[in-house]
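The values are calculated or read from the model by the stated rules, or taken from the named source; none is laboratory data. Computed from a prediction, not measured in an experiment: that's the story for all the values here. So basically every Cβ, Gly included, is an ideal-geometry build from the backbone, and we count neighbours across all protein chains shown. Note: accessible area is taken over every heavy atom of the protein model, side chains too, but ligands, DNA and RNA are not part of it. Shrake-Rupley method; radii C 1.70, N 1.55, O 1.52, S 1.80 Å.
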Amino acid sequence: MSRSAHPAGPRHADVLPEGHYSAPATDLNELDPKVWSRTVARDADGALTVGGIEVARLAEEFGTPAYFIDESDFRARCRAWSDAFGADADVFYAGKAFLSRAVVRWLREEGLNLDVCSGGELATALDAGMPAENIAFHGNNKTVAEIERAVDAGVGRIVLDSFQEIVRVSHIAQRRGVRQRVQIRVTVGVEAHTHEFIATAHEDQKFGIALADGQAAEAVRRALTLDGLELIGIHSHIGSQIFDMAGFEVSARRVVQLLAEIRDEHGVELPEIDLGGGLGIAYTSEDDPSEPHEIAKALSDIVTRECESAGLRTPRISVEPGRAIVGPTAFTLYEVGTIKPLEGLRTYVSVDGGMSDNIRTALYDAEYSVALVSRTSEAEPMLVRVVGKHCESGDIVVKDAFLPSDLAPGDLIAVPATGAYCRSMASNYNHALRPPVVAVRDGQARVIVRRETEDDLLRLDVG
Ligand SMILES: *Cc1c(COP(=O)(O)O)cnc(C)c1O
């Protein structure tokens with residue numbers, strides 16, 4: 001049985017215009033360092049290695065599909081972000097991109113803070129020893145139990161997302177005789193996606209409190225009067241997979257304007273602003289992300305300039321990259337199964353995973369690249385669509401790519417840049433067993449999240 005969960009729109013139904021897809025200019029055996037993690041290379045025989053270990057060996061030991069995360073690359077990216085922002089700013093890794101106990105330990109060792117947005121993420125963070133004061137708690141609908149747990153743990157900040165939550169968090173803190181440090185999340189009327197940003201007239205979305213119509217100013221007014229809250233700053237997160245700094249520029253300007261209004265009305269200068277995450281990464285060779293030091297400089301220049309013109313002390317800046325840290329550090333390894341050439345269209349290459357381990361293509365029309373990694377090939381390139389094994393025609397992993405035309409069942413192919421929002425969004429659709437996450441570093445590979453088993457599935461099914 002196969003049916004599409006998507007409305008019958010053109011997205012997945014379109015037949016490609018003839019001649020639209022020309023064969024790639026580059027050698028298919030070449031690995032673009034932009035989309036692969038730092039220790040990925042090909043060995044003398046042409047097989048891909050990560051952390052010095054050949055993929056065939058990894059596949060044999062850990063099976064496929066599996067995510068392989070390049071631990072030294074992850075750590076290097078953490079350091080690059082914290083070095084770029086320096087001592088006067090804070091980097092919070094957005095745990096929703098991918099969180100596990102090992103990741104929490106790496107973050108601690110590299111000096112990063114952590115954003116969580118659920119009780120489960122908070123539990124993982126605390127269990128793995130992240131100090132509560134280094135944790136920020138987000139979400140548009142935190143439950144009372146989650147807020148109580150966060151306040152009891154002593155999290156460094158709760159990011160307030162609604163008028164109701166302002167009162168709720170204050171009550172919970174007051175009952176415990178504490179003042180909870182909080183930020184207020186505002187929506188600044190800017191939405192950014194990849195290469196463009198859209199200035200929206202109104203705020204038609206579930207997150208945050210609108211700056212427009214004085215809503216945010218009213219939220220600040222209320223927060224400042226409540227004994228359970230210590231308002232430390234304003235928070236803004238404008239989108240995801242952003243390359244263009246223009247959206248951050250507008251966002252920073254509007255947040256600083258609010259800080260100036262708060263000073264004028266209440267005589268207080270809030271000490272912090274958080275500009276959120278959303279920085280883009282390279283999924284394909286077409287993408288050109290900025291380096292952390294360029295982003296840090298751009299953001300701090302904008303904030304400094306805006307504060308100077310408003311006559312404010314420059315607040316402490318924080319940022320929340322998720323994807324930009326973990327995304328590029330992992331790839332998914334699949335074994336090729338059925339290969340189905342469709343005359344005049346493309347060749348469908350089925351792999352042993354699919355939308356259960358990478359929902360982003362189906363969900364967002366995300367683009368990915370793919371490479372044959374168990375060997376090299378000099379065969380002609382063929383246009384392929386890499387699809388999964390699920391009963392769903394939208395089960396696409398890589399929509400359009402080229403692979404060598406001698407591809408055969410049993411070959412290993414890998415999809416790079418799957419570190420963010422793949423394992424964390426993985427599902428058990430069709431009772432698929434969610435793949436393991438294997439950390440590779442300096443010739444050593446170890447499972448940090450194990451593969452699910454049929455026992456795991458049956459254990460939840462209590463009959
Ligand atoms: C999702 C999210 C992030 C991280 O976004 P990335 O695109 O992974 O950088 C940061 N902050 C908030 C509030 C978020 O919701």
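Numbers at a glance
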{"item": "Cα centre as origin, Lys/Arg/Asp/Glu Cβ charges: segment 139-191 dipole, Debye", "result": "260 debye"}
{"item": "Cut-off under 5 Å, modelled amide H: who pairs with Gly51 long-range", "result": "Thr39, Val40"}
{"item": "Sequence-distant residues sharing a close amide H with Val397 (under 5 Å, placed H)", "result": "Val386, Val387, Gly388"}
{"item": "Positive-end residue, the chain charge dipole about Cα centroid, Cβ charges, pick of Val50, Leu211, His293", "result": "Leu211"}
{"item": "Filtered trypsin sites (Lys or Arg not before Pro), segment 193-289: DSSP coil and at most 15 other beta carbons within 10 Å", "result": "Lys206"}
{"item": "Equivalent ellipsoid semi-axes - Cα gyration tensor, segment 278-326, angstrom", "result": "28, 11, 7"}
{"item": "Estimated vicinal HN-Hα couplings, Hz - segment 96-111 in sequence order (Karplus 6.51, -1.76, 1.60; Gly, Pro = x)", "result": "5, 5, 5, 9, 8, 4, 5, 4, 4, 5, 4, 4, 4, 5, 9, x"}
{"item": "Under the Karplus curve 6.51 cos²θ - 1.76 cosθ + 1.60, θ = phi - 60°, whole-Hz ³J(HN,Hα) for segment 328-338, x wherever Gly or Pro sits", "result": "x, 8, 9, 10, 9, 9, 10, 9, 6, x, 5"}
{"item": "GluC sites (Glu not before Pro) within segment 254-329: DSSP coil, no more than 16 neighbouring Cβ in 10 Å", "result": "Glu269, Glu286"}
{"item": "Alpha-carbon centroids, segment 340-380 and segment 128-177: separation in whole Å", "result": "42 Å"}
{"item": "Global size of segment 330-426 as Cα Rg and Dmax, reported in angstrom", "result": "12.4, 37"}
{"item": "Angle between the chain longest axis and helix 215-225 axis [Cα atoms, degrees, rounded to 10]", "result": "60 degrees"}
{"item": "Along each principal axis, Cα extent of segment 278-391, largest first, Å", "result": "66, 33, 27"}
{"item": "Cα-based Rg and Dmax for segment 135-265, where Dmax is the largest Cα-Cα distance (Å)", "result": "15.0, 47"}
{"item": "Overall Cα dimensions of segment 71-326, principal axis frame, Å, largest first", "result": "50, 43, 33"}
{"item": "Average accessible area per residue (Å²) across segment 398-451 - probe 1.4 Å, nucleic acids and ligands excluded", "result": "39 Å²"}
{"item": "Cα extents of segment 29-122 along the three principal axes, largest first (Å)", "result": "47, 30, 19"}
{"item": "Sulfur and carbon atoms: percent of accessible area, segment 105-255 [1.4 Å]", "result": "46 percent"}
{"item": "Segment 296-343: trypsin sites (Lys or Arg not before Pro) in DSSP coil with no more than 13 other Cβ atoms inside 10 Å", "result": "Arg313"}
{"item": "Computed magnitude of the charge dipole of the chain (debye, nearest 20; Cβ of K, R +1, Cβ of D, E -1)", "result": "1300 debye"}
{"item": "Equivalent ellipsoid, the chain (semi-axes from 5 times Cα gyration tensor eigenvalues, Å)", "result": "41, 24, 22"}
{"item": "Which of Ser374, Ser236 is most accessible, then next, and so on - probe 1.4 Å", "result": "Ser374, Ser236"}
{"item": "222 nm mean residue ellipticity, helices alone, for the chain (DSSP H n ≥ 4; -39,500 (n - 2.57); rounded to 500)", "result": "-8500 deg cm²/dmol"}
